[in-house]
Each structure stands twice: as C-alpha cells, then as structure tokens.
Amino acid sequence: MLKVNQNFVKLPASYLFVDIKNKVNAFTEQNPDMEIIRLGIGDVTRPLPKAVVKAMCDAAEEMGEAETFRGYGPEAGYAFLRDAIAKHDFQARGVDISADEIFVSDGAKSDTGSIGDIFGIDNVVAVCDPVYPVYVDTNAMAGRAGDYEEGRGWNKIVYMPCKEENNFLPELPAQPVDMIYLCFPNNPSGVGITKAELKIWVDYALANQSIILYDAAYEAFITEPEMPHSIYEVEGAKKCAIEFRSFSKTAGFTGTRCAFSVIPKELVYDGVSLNQLWDRRQSTKMNGVSYVVQRGAEAVYSEEGQKEVRANIAYYLNNAKIIREGLQKAGFTVYGGVNSPYVWLKTPAGMTSWEFFDLLLQKAGIVGTPGSGFGAGGEGFFRLTSFNTKENTEKAVQKIVEAFS
Ligand code: MLT
C-alpha cells in the first residue's frame, strides 16, 4: 500500500499566505461593499520596465522563426544572463564572482526551499525567529525539523530570537549548528545588517564548518552605505555562504519568475564541491527558465532597464516612508522600511498579531501579515508592505490612523 511522506503530514495545515488569502476571501464575501487594501503578501504592483517588456517581445519573435528558435536551454541559465549578473551585481562592486558560480532559476522561494536537497538530513538547522516560513517548512518536509509543537515550533530546529532590544538581529546560537539561514534586508522585520555585523556570522560559519544560506532577495532596497549588498563583500564568505537573489522585488518579476543562486567554487564540504552538487541537482530536476524570461532579466541590466528599476524601487521606498512616518506620528512603534519594502510595527495595546489582523481588516479594510505567522518571535508585531500604489498606501495609512485613534 502506498505510504505518504509523513514529514508533510506533520506540517501545520497551510502556508501562511494561503491562510491569509482564505481569511480575506471569507471577509470580502461577507462584506462585498467594503474597500480592501492589500499590504499583506509582498507582491509588486508596478508594471515590468519597458526595457524588459521590449526584450521579452523580441525574444518571443525569435522563438517564432525557424532560424532563431531555441529548444531546451542550459539548465543553469544562458551565458548572456549569467555573464550580466556576474558583471553588474558582483564584479562592479569589487566582488569576484564568475558566471559559472551563478545558477538561474524561477525564484528565490524555489531555491531557498530546494537547497536542502544537497545537505545531509542530520544537519542542525538554525533560523531567525521570526522567519520567512519557507526555510522552516521545507526543512520539515525533508525530515530535518523533528516534531512540531504548537506555540513552540519544531523541536530539532534552532530558533534564534530576533528581538526589539537587539534591533531584530539574531545572536550566535549557543549550540553548534550546520545550516544557518539568514535574510538581509530581513523579511519580515525589514531591518538591514551592516558588514561588521555580518562578519560575525561569516567568522562563526568558517570556525564551525557551517554554511550560511543567505537570502538577499531585498538587496535592491538597501539605501544605507554600511549595509553590504552581497554577503561576499565580507572576507571569507565565499568559503562558507550561498547567496540567493531574485528579480521578483527588484524588477517586478513576481509573476514572470526569474532569480538566481550564487554557489562559489570555494564551497567544499566533506571533500565535495557544492557548486557541482547543485549543478547535478538542478540539471536533474529542472530544465531552466524560459529563454524569453531570461532575455527580459538580462534587460534589467541595460541602461534603460536600470533607470526604470531604480525609479520603481524609489517609488516603493517612498511608500515605505509614508507608512513609517504616518504610523509613527499616530503613536505606533515602527521598524524597518528604510532598507526594505517591509515595515514592522508593534501591535497596539498588547494585542496579539492575529487580533490586530482581524481588527485592522474589520475596521479599516486593510490586509497585513501577522508577525506570529513568521514564528513565535513575531508575536505582538505586524508587517505591512510598501508594494501597493502610492494612492492606496496613503489611503491605508489614513484609515489605520483613524481606526486606532
Ligand atoms: C512575502 O510576502 O514574504 C513574500 O512575498 C513571499 C515570497 O517572496 O515568497
């Protein structure tokens, strides 16, 4: 008789953003006339840059002609895109990453969720608390997380509390850990990390032969010069870190899908190259990202593309400022939103995160993300995104202020 994977059975019933979607759908069915403004899931609203659309249309034309048609592409991505990434995202910043250390994929969610395939099941996983749920749930699916205890989390995962008093930065774990997931600028808290602070983690990983799985999906939102855009700006990181990047939030690709992972050749553990292992995994499990999409991603690096992308990021950062300043003025305690599209606020009057979610939806029609959905450490906090339009962001702030004053 067929057996299902019991690791999946142990998972909480559904993924955080699906829970929220279901709750909001039920609410709108009961309140069809209420205007809803969504500042929940980090999904962009600005259209793709014109330079990207043009490149994708041209590529689609090529696919329609026998002379320029292409079938399967290279699993790790076309050279034109890997070269452009290496040159603009790394070499231009003085970071020595080459094209064959870059693996193009359909998303940082897929990559951070699949990277565990190349690591042994007995490794100890450390995550921040609160945390992007993908790191935890995918390790649970793999059987690396142990058992789930309501309110406490998984008993084999090492949770690193990120508290207000530490500006939401984790402290080094007290016990030895092997796989360390870090995300900066952070999802959900929106805080950044300085090079000096990140060096502590690189030194730890080098000393303990651990690996840092560094999610830099929000690097394009960095505004402060002391925040590194890549972990490889820290000396030694090429020997102990994998970096994940995405075109989703940077260039509006949440629906188009394109991202990449950086796996330096210096990453050798157990005498095995991680670059080769990931290449083996990817070439077995995927056939790459479509040619049309990769041409679109390449155009992000063109002069026109860069201009448009920067304007979009500035637009979202301005929304973040509107949220931050509007709520601060109304007496809320607010973090993030300076190097990040996420604003992290303390729920008023000691409300739980879900109580605040319900109240905000009922009183103001605003959808956010409850901090406790990112782990026990997020309880009492709430995340708002700056990815809606400026008009909706202003309206949402006004409604929140009215509802809670
Ligand atoms: C979020 O809202 O945390 C992100 O949109 C999730 C994601 O990128 O998968």
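Considering only DSSP beta bridges whose two residues both sit in segment 52-301, what percent are antiparallel, to the nearest 5?
Around 45 percent of the beta bridges assigned by DSSP in segment 52-301 are antiparallel ones.
Rounded to the nearest 0.05, what FRET efficiency do E235 and N167 give with R0 = 25 Å and r taken as the Cβ-Cβ distance? Could you check?
0.60
Normalised by the residues of the chain, what does the relative contact order come to in percent, with Cα pairs under 8 Å and at least six apart?
For the chain, the relative contact order is 23 percent.
Tally Lys/Arg at +1 and Asp/Glu at -1 over every other residue whose Cβ is under 14 Å from the Cβ of Q30; what's the total?
-2
Sorting check: for 286-299, 353-366, 178-191, which peptide has the highest mean count of neighbouring beta carbons within 10 Å, and how do the rest follow?
Packing proxy ranking, top to bottom: 178-191, 286-299, 353-366.
Please work out how much length the chain gains when fully extended from E65 to Q398, using 0.36 nm per residue of separation minus the C-alpha to C-alpha distance, in nm with one decimal.
In short, 114.6 nm is gained.
Treat each spin label as a single point 7 Å out from the Cα along the C-beta direction, and report the D58 to S14 distance in nm.
The two pseudo-label positions are separated by 4.3 nm.
Put +1 on the Cβ of each Lys and Arg and -1 on the Cβ of each Asp and Glu in the chain; which of P133, V292, N123 then has its Cα farthest toward the positive end of the dipole?
P133
Once amide H atoms are built 1.01 Å from N in the peptide plane, which residues 5 or more positions from C183, or in another chain, come under 5 Å H to H?
So C183 has HN proximity to D215.
Could you give the accessible area per residue of segment 52-301, probe 1.4 Å, as a whole number in Å²?
41
Based only on Cα atoms, what Rg/Rh ratio does the chain have, Rh being taken as Kirkwood's radius?
Radius of gyration over Kirkwood radius for the chain works out to 0.96.
Cut-off 10 angstrom, C-alpha nodes, Gaussian network model of the chain. Which of G371, G77, G153 fluctuates the most?
So, out of G371, G77, G153, the one fluctuating most is G153.
Using modelled backbone amide H atoms (1.01 Å from N, in-plane), which distant-in-sequence or interchain residues come within less than 5 Å of S246's amide H?
F260
Which lysines does K163 reach when only Cα atoms under 19 Å apart count, and residues fewer than 8 places away in its own chain are ignored?
Cα-Cα hits under 19 Å: K346.
How big is the dipole moment of segment 52-301 about its Cα centre under a simple scheme where the beta carbon of each Lys and Arg is +1, that of each Asp and Glu is -1, and everything else is neutral? Debye, nearest 20, please.
200
May I ask you to derive the FRET efficiency for Q306 and R46 from their Cβ-Cβ distance with R0 = 25 Å, giving the value to the nearest 0.05?
For R0 = 25 Å, the calculated efficiency reads 0.95.
Given the options P228, P12, P341, which has the most mean-square fluctuation in a GNM of the chain, springs set between C-alpha atoms less than 10 angstrom apart?
Among P228, P12, P341, the largest mean-square fluctuation in the Gaussian network model of the chain belongs to P12.
Could you give the dipole magnitude of segment 246-405 about its Cα centre, charging the beta-carbon of Lys and Arg +1 and that of Asp and Glu -1, in debye to the nearest 20?
80
For an R0 of 60 angstrom, estimate the FRET efficiency from the Cβ-Cβ distance between L206 and D33 and round to the nearest 0.05.
0.55
How many percent of the accessible area of the chain is carbon or sulfur, using a 1.4 Å probe?
C and S fraction of accessible area: 51 percent.
Considering the dipole of the chain built from charges on the beta carbon (Lys and Arg +1, Asp and Glu -1) around the Cα centre, which of P341, F382, N392 is farthest to its positive end?
N392
The values are calculated or read from the model by the stated rules, or taken from the named source; none is laboratory data. Nothing here was measured: the structure is a model prediction, and the numbers come from that model. Methodologically, a virtual Cβ is constructed for each residue, glycine included, from the backbone with ideal geometry; neighbour enumeration extends over all protein chains shown. The accessibility values were calculated without ligands, DNA or RNA, using every heavy atom of the protein model including side chains. Shrake-Rupley method; radii C 1.70, N 1.55, O 1.52, S 1.80 Å.
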